[in-house]
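Trainee: Once you've had a glance at the structure underneath, I'll fire off some questions.
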Amino acid sequence: MVSDDLEIILTGIGKVNAAFACGRMFPMGLTRNDLKADIVINIGTCGARDLSGLFIVNKITDEATGRDFYPDIIRVSGVPEASLVTVDEVKTDPDPGVLYEMEASAIYQALSKLISPDRMIFLKVVSDSGDVNGITTEYVNDLIKSHLPEIKRIISSVREGTGKEASISNDDLYERLYASTSMRVHIDELIRYASSLGIDGRKLFAEAGIDEVSSRASGKEVITRVRGILTHLH
Amino acid sequence: MCAAFSHIYIEERARSYEETSRILSHFSDSTKISIRHYKDVFNRPSQDSALQNESKSLILAVNDGRKIFDAAPVCQDFGMGKFYYAESAMNCVFSCDYCFLKGMYGTSNVVIFVNIEDYFEECEKYLKDGPLYLCASFDTDLGALSGISSWQSKWEDFASSHPDLTLELRTKSAICEVKSADNIIYAFTLSPDEVIRRYEKKTPSLDVRIRTVNNALNSGANVRLCFDPLIYIKDYELCYNRFADKIINDIDLKSVRDISVGTFRISSDYLHNLRRACPGSSAVLFPFDREEGYCVYPKDLREKMMGIIVNRLENAGCGNKLYVNP
């Protein structure tokens, strides 16, 4: 964890390591809904015959399976885009115009169960043209460092465009209205609708006689009254 | 209108079609991405359609599946008994909060199927069994796409050479050209400006739509007016009465073929997606009644809303042209 809202995970090389790292990233039992505000940015190096610099990936092909995956490029702008092929072994004769690396397809597949395609961002820096002899850790570190300002800018812009949704608990209303599961759904629906009209829905419940509620039946009457007010505002 | 698309996904097999080249010629700045099958992009799980709506992508594809479908029972059939729709494009460049397309598809991206001749072939098979009433702008707004796609005019040409086909082209756009033909109906959806500004984003204003309707009438085209869906807003009585005044004053209703009126209704299955796509919109957050699998306004409210428009149109002498959705 590098800050309250940013965590860095090193995947290691290859699809198995990458998928394993994704599995470690989120505890068991989390659902898509739990992670709806999370964004995963995969940063790594890649090979390419005729490209150089930093790219955001708009298409990932898994060479072994032939399957294609498409991250949604909505949250990042102003970065050159490219398609990428994930390979099992270093590609020594890369096709022109395409990036090659060894993790992205596994990361996309592992995370797509939990993270929407606009929240998976793949940033790749070209490190070689297929010949990895002489590619050292120091070289890769320096290469990534040279692109850090741009990577930081991307992370900042992505952060600005997202955020945890503020949610107000209606638990106290449920309790005071003796709400069943379906009544809770109605309460939430009415409060959301009121909010869309710029009205304080919780205040409406207070004005509709919540203080007099002594049973589920009278709780239902209050819900009906609030609904009547909201659906006949004229 | 010529919509902007940040990305254009192109099926490899769609590249050889003339329509693909025509469409791509409008978008030199968009990023083009080759794809194997449109569903790999269009049907991805859990897409953020609200976010996509701010930066739509276009998908050019070949439809090798079914192309013509029966319409749902909740759709107005205009006395035709049964009608069909053709899915030559999916989704819309406009962005109406309440649109059923937002409920039906989990994405805001637009698909255009470039193999229109295959649609005509399927249409001809239906026509062998007798006359066919077909809505070609049902899962999209072809008029709104006419700046980039030739499908609206292709459908018009096809209808012109097939008199047993009655073609409906529904739109909120300011389409420039219409064809005067007995079997082509241009259906214009009209809403008060208050509703347009709040809920029908990227669509033309009421004045522009009325001008488009009048241009179509002056060209001798068959015109249908759709006051459907009526959307509940605060002060709706005042708003819809003013709207009715404007329609009655500004459009020669005697020349209009027919008029459809209906309040907003949507399949319960679609409402969840719709609320995800427009999370702050009162048009979809309304606490609807559930009736037979559909979400509708409470009965008294929808009767009042319908009553305003129906009474005003009846008083204007259009009673015999009205198709009223329950």
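Trainee: Scan the stretch B:1-46 for residues that are in a loop (DSSP other than H, G, I, E, B), of a type in the set (Ser, Thr, Tyr) and away from chain A (no Cβ under 14 Å) and jot them down.
Mentor: Hits for the stretch B:1-46 are B:Ser16, B:Tyr17, B:Ser25, B:Ser28.
Trainee: Next up: Count, please, the residues in the stretch A:58-70 that happen to be assigned to a strand (DSSP E or B) and within 16 Å of A:Asp95 (Cα to Cα).
Mentor: Qualifying residue count, the stretch A:58-70: 4.
Trainee: State whether one or more residues within the stretch A:159-171 are within 14 Å of another protein chain (Cβ to nearest Cβ), surrounded by 13 or more Cβ atoms within 10 Å (Cβ to Cβ) and among the polar types (S, T, N, Q).
Mentor: yes
Trainee: Still on this structure, I have one more. Return the residue satisfying two criteria in turn: it lies in the stretch A:1-48 and is among the β-branched types (Val, Ile, Thr) and more than 23 Å from A:Thr92 (Cβ to Cβ), and of such residues it is modelled with the lowest pLDDT.
Mentor: Only one residue tops the list, namely A:Val2.
Trainee: Can you find a residue that is modelled with pLDDT of 95 or more, more than 14 Å from chain A (Cβ to nearest Cβ) and over 30 Å from B:Thr263 (Cβ atoms) anywhere in the stretch B:53-60? Reasoning before the result, please.
Mentor: Taking the stretch B:53-60 as the starting set, the residues that turn out to be modelled with pLDDT of 95 or more are B:57-60.
From what's left, more than 14 Å from chain A (Cβ to nearest Cβ): B:60.
Subsequent filtering for residues that are over 30 Å from B:Thr263 (Cβ atoms) retains B:60.
Checked against the condition, which is being modelled with pLDDT of 95 or more, more than 14 Å from chain A (Cβ to nearest Cβ) and over 30 Å from B:Thr263 (Cβ atoms), the stretch B:53-60 yields at least one hit.
Trainee: Something else: Quick check: anything in the stretch A:85-96 closer than 29 Å to A:Glu160 by Cβ and modelled with pLDDT of 95 or more?
Mentor: no
Trainee: What pairs come out if I take residues in the stretch B:155-166 that are part of a helix (DSSP H, G or I) and pair them with residues that are of a type in the set (S, T, N, Q) whose C-beta lies under 7 Å away, six or more apart or interchain?
Mentor: B:Ala159/B:Asn183
Trainee: Got a number for residues in the stretch A:14-35 being surrounded by 12 or more Cβ atoms within 10 Å (Cβ to Cβ) and part of a loop (DSSP other than H, G, I, E, B)?
Mentor: 6
Trainee: Quick one: in the stretch A:107-147, which of the residues that are buried (at least 17 other Cβ atoms within 10 Å of the Cβ) and of a type in the set (Phe, Trp, Tyr) is farthest from A:Lys36 (Cα to Cα)?
Mentor: Ranking the qualifying residues of the stretch A:107-147, first place goes to A:Phe122.
Trainee: Here are the criteria: (1) over 14 Å from B:Leu225 (Cβ atoms); (2) surrounded by fewer than 18 Cβ atoms within 10 Å (Cβ to Cβ); (3) modelled with pLDDT of 95 or more; (4) more than 14 Å from chain A (Cβ to nearest Cβ). Tell me which single one B:Asp252 does not satisfy.
Mentor: (1)
Trainee: Still on this structure, please answer the following. Residues being more than 12 Å from chain B (Cβ to nearest Cβ), assigned to a helix (DSSP H, G or I) and small (Gly, Ala, Ser): count how many of those fall in the stretch A:200-234.
Mentor: 4
Trainee: Further, regarding this structure: Before we move on, is A:Tyr178 aromatic (Phe, Trp, Tyr), within 29 Å of the chain's Cα centre (by Cα) and modelled with pLDDT of 90 or more?
Mentor: No, not satisfied.
Trainee: Do we have A:Lys145 as under 23 Å from the mean Cα position of the chain (by Cα), more than 14 Å from chain B (Cβ to nearest Cβ) and outside any loop (DSSP other than H, G, I, E, B) here?
Mentor: The answer is no for A:Lys145.
The values are calculated or read from the model by the stated rules, or taken from the named source; none is laboratory data. Please read these numbers as outputs of a predicted model, since none were measured by experiment. Cβ coordinates were reconstructed from backbone atoms using ideal geometry, including for glycine residues, and neighbour counts include every protein chain displayed.
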